[in-house]
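The values are calculated or read from the model by the stated rules, or taken from the named source; none is laboratory data. Values in this document were obtained by computation on a predicted structure and should not be read as measured data. Cβ sites come from the backbone with ideal geometry, for glycine too, and all protein chains shown count toward neighbours. For accessibility, only protein heavy atoms count, side chains too; no ligands or nucleic acids. Shrake-Rupley method; radii C 1.70, N 1.55, O 1.52, S 1.80 Å.
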Amino acid sequence: MCSPYPKVACAATVESIQPVGTDVFSLVLVRQFTPVSTCGDRGIIPEPIPGQFFMLRARPSGVLLGRPISVYCYDDRTITFLILKKGKGTSELCSVSPGQQVDIIGPIGNCFLRPDSSEIEEVIKTAITPRTEESAELSVAVIGGGIGVAPVAGFALSLPPGTFDFYASFRTGTYGLDGIAAIAKNVIITTEDGSFGDRGMLSDVFNPELYDLVYACGPTPMLKYIQSACKNASRHPLVYLSLEQHMACGAGACLGCTIQTMHGNKRCCVDGPVFNAAEVIL
Amino acid sequence: MSEGTQNMAGKKADLSLKIAGISFTNPIIAASGTFGYGREYSDVIDVSRLGGICSKGLTLEPRSGNTGRRILETPSGLMNSIGLENPGIPHFIEHELPKMLELGPVVIANLSGSTLNTYVEGARLLDASDVHMIELNISCPNVKAGGMAWGLDPKAAATVTKAVRRVTNKPLIVKLSPNALSLVKVAQAVVNVGADVLSLVNTFQGFALDITTGKPVFDNITAGFSGPAIKPLALRMVRDILLGVPQCSPARKFSSVPSELAIRKKHKKNRFVPVIGLGGISCWQDAAEFLMTGASAIQIGTAIFANPHVIGDVITGLETFYGRRS
């Protein structure tokens, strides 16, 4: 397990907002924040770990709750999110202006376990089908579908160059792939309308027999496909899925975002959002 | 009454009070189901500033809650269909309560159940624990058996309150459902059989339909409705209780002077049953409105989700507001 950094609840300043795809916007927030409430502190938004997310709400806002948005990337000064304009809350977030403030709570949740982490080594060692001896290195696939590309792209960029294949599937056009081509072993892109890469869907290009370790985030039908394809593959890749759920608190308090697993209900916000595919019931 | 204390930063009121013999540093309580067991928020805010914390709704046996979608935001409101997911009272007492007691605020266990027996057995276990108060939940709208069914009818409400009262000496809050046909009658019935405090309102029962599928949004069909949208309804109901139940006279400490209600009501010789108001409170002004109407304390719930700092803001806001008035 990754140890989560302490969360903050504060208002962050918008550095920039720009469209990067159809109804998809890149929102850059400044990490340094000033107090916005009688209790808030001046400070800096903690460094997120790839896979974590924030609850975001524009200020002012006509909605009640923040929306869970994954971190795309960050540096010392800023954090960048990719936001799909879907409903009221995300529409507001896609319409902010530089200098405006956004209410944030985060970073929230667990993270993707890195291929070289001791936890992964442990799981692989005890896996039902041990790896063949000839491949000392794990064969890794990182998969993003639609807006789900944001957290996995951020994660992929933190991995050593040439150690993974990157799959990205979109309806039309692409986004969120900056820097991926330079670092991935192979980049495989599909679009449903053929506007970029191969025409089709992930299932047309993905072969689970090629991998020991798979990371994915995307629409539930795609995650279901990955879960079952990998389960049925003779190589039995270890699969981590980043899940999405309607959320209220993002603190693990309301139990509104539970995910059913083999070990009972888990909270998507703080027990996840990343789960072992062998454990979740999608 | 010395309500105000002078300090260097300006005049800040002392908000401390006693409810049913229990000392609170202030009248701000985190509402059940919105604050977990307290620690969930301790990395974001100073939880110790709260007057009290109500636990997530607890049942004797563990419950996995409702299937399907559980949360739906509406204009200025929130529908939830959690369904009392909780680890069971024995687990709560062993694993959650000790840490909850370390947080500082008054610890209130929210007790729910299905049958009368599960309420009573749950109350017995809580009575033997170190929990400070019990909030009897006869108002959860999201479970098929029990919950709100006990809170809609004065007789049923009195039956469960009396049975729980018999097995515990802990101060007993009864949390009322706004869905009762006659809330005043339910309130009077539970007061008559030994409720020490009333809290209201729990969520309103709502319904939502998914027009793309033609099916209800929630597997449990109906769901509990909370948030700023319900505040005027909740406040009206608090006022109804203060007017209609003789024992529930307005608390003097925070009410308007003279209270709008106090002047209407004759002095009662009855024991005093404080009312804790909740429903859509999102800022200190909302809290002051409940307190000035005559509530002894208030609970904050849904508003915490969007802004956990609302708790500190409300406390500071009330300290300043009452400091200025004293």
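Looking at the protein assembly as shown, what % of its DSSP beta bridges pair antiparallel, to the nearest 5?
In the protein assembly as shown, approximately 55 percent of DSSP beta bridges are antiparallel ones.
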- Task: Report the extension gain between residue B:121 and residue B:236 in nm, rounded to one decimal, defined as 0.36 nm multiplied by the number of residues separating them, less their alpha carbon distance.
- Result: 38.0 nm
- Please report, in cubic angstrom per residue, the volume enclosed by the convex hull of the alpha-carbon atoms of region A:228-282. 68
- Query: Do you know the relative contact order of chain A, to the nearest whole percent, from alpha carbon pairs under 8 angstrom that are 6+ apart?
  - Reply: 16
- Alpha carbon convex hull of region A:186-282, projected area averaged over orientations, nm²: 7.1
- Of the peptides A:114-124, B:245-255, how do they stack up when ordered by the mean number of other Cβ atoms within 10 Å, highest first? B:245-255, A:114-124
- Karplus-derived HN-Hα couplings along region B:120-130 (A = 6.51, B = -1.76, C = 1.60, θ = phi - 60°), whole Hz, x at Gly and Pro: 5, 5, x, 5, 4, 5, 5, 4, 7, 9, 8
- Hey, rough spin-label estimate for residue B:283 and residue B:212, points 7 angstrom out along Cα→Cβ, what's it come to in nanometres? 3.5
- Estimated dipole of region B:96-206 in Debye, rounded to 20 [Cβ of Lys and Arg +1, of Asp and Glu -1, Cα centre]: 360
- Report relative contact order for chain B in percent, whole number only (criteria: Cα-Cα under 8 Å, sequence separation at least 6). 19
- Query: Under unit Cβ charges (Lys, Arg +1; Asp, Glu -1), what dipole magnitude, rounded to 20 debye, does chain B have relative to its Cα centre?
  - Reply: 1300
- Item | Distance histogram for region B:161-250 (every C-alpha pair counted, 5 angstrom bins, percent rounded to whole numbers) | 3, 13, 20, 18, 15, 12, 8, 5, 3, 2, 0
- Task: List, in the order given, every pair from B:155/B:253; A:88/B:175; B:56/B:185; A:224/B:99; A:7/A:231; A:85/A:125 whose Cα-Cα distance in the structure shown is over 31 Å.
- Result: B:155/B:253; A:88/B:175; A:224/B:99; A:7/A:231; A:85/A:125
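Per residue of chain A, what 222 nm ellipticity follows from adding -39500 (n - 2.57) for every DSSP H run with n ≥ 4, rounded to the nearest 500?
On the way: 6 runs with 44 residues, N = 282.
So the helix-based figure for chain A works out to -4000 deg cm²/dmol.
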- List the equivalent ellipsoid semi-axes of region B:10-66 in whole Å, largest first, each obtained as the square root of 5λ for an eigenvalue λ of the Cα gyration tensor. 27, 15, 7
- Other chains near A:254-262: what is the mean number of their Cβ atoms within 10 Å of each residue's Cβ? 6
- Measuring from the lowest to the highest alpha carbon on each principal axis, how far does region A:5-114 reach, largest first, in angstroms? 39, 33, 24
- Message: Averaged over its residues, how many other protein chain Cβ atoms are within 10 Å of peptide B:71-80's Cβ atoms?
- Response: 4
- Item | Spin-label pair residue A:47/residue A:282, simplified geometry with 7 Å Cα→Cβ offset, distance in nm | 3.2
- Message: Per 0.36 nm of contour for each residue apart, how much would the distance between residue A:209 and residue A:77 grow if the chain were fully extended, relative to their Cα-Cα spacing?
- Response: 43.4 nm
- Total accessible area lost when B and A pair, probe 1.4 Å, Å² to nearest 100: 2400
- Hey, got the Cα dimensions of the protein assembly as shown along the principal axes, in Å, largest first? 86, 52, 45
- Message: Regarding chain A, what's the average projected area of the Cα-atom convex hull, expressed in nm²?
- Response: 14.5
- Message: Please list B:150, B:284 from largest to smallest accessible area, probe radius 1.4 Å, with all protein chains kept in place.
- Response: B:284, B:150
- Sort region B:37-120 into rounded, prolate or oblate with this rule: let a ≥ b ≥ c be the square roots of the eigenvalues of the Cα gyration tensor; rounded if a/c is under 1.5, and if a/c is not under 1.5, prolate when a/b is larger than b/c, oblate otherwise. oblate
- Task: Using label points projected 7 Å from each Cα along Cα→Cβ, tell me how many nm separate residue B:91 and residue A:122, to one decimal.
- Result: 2.2
- Write down the radius of gyration of chain B and its Dmax, each obtained from C-alpha positions, in Å. 18.7, 61
- Calculated FRET efficiency for the pair residue A:263/residue A:192, C-beta based, R₀ 41 Å, to 0.05: 0.70
- Note on the structure: Relative contact order as a percentage, region A:134-282, C-alpha pairs under 8 Å and 6+ apart, gives 19
- Message: Compute, for the protein assembly as shown, the length of the dipole vector about the Cα centre, with Cβ point charges of +1 (Lys, Arg) and -1 (Asp, Glu) only. Units Debye, rounded to 20.
- Response: 3260
- Query: Each residue of region A:161-173 in order: what ³J(HN,Hα) in whole Hz does its phi give by Karplus 6.51 cos²θ - 1.76 cosθ + 1.60, θ = phi - 60°, with x for Gly and Pro?
  - Reply: x, x, 10, 8, 9, 10, 10, 9, 10, 10, 6, 8, x
- Message: Report the Rg/Rh value for region B:134-192, based on alpha-carbon coordinates and the Kirkwood definition of Rh.
- Response: 0.94
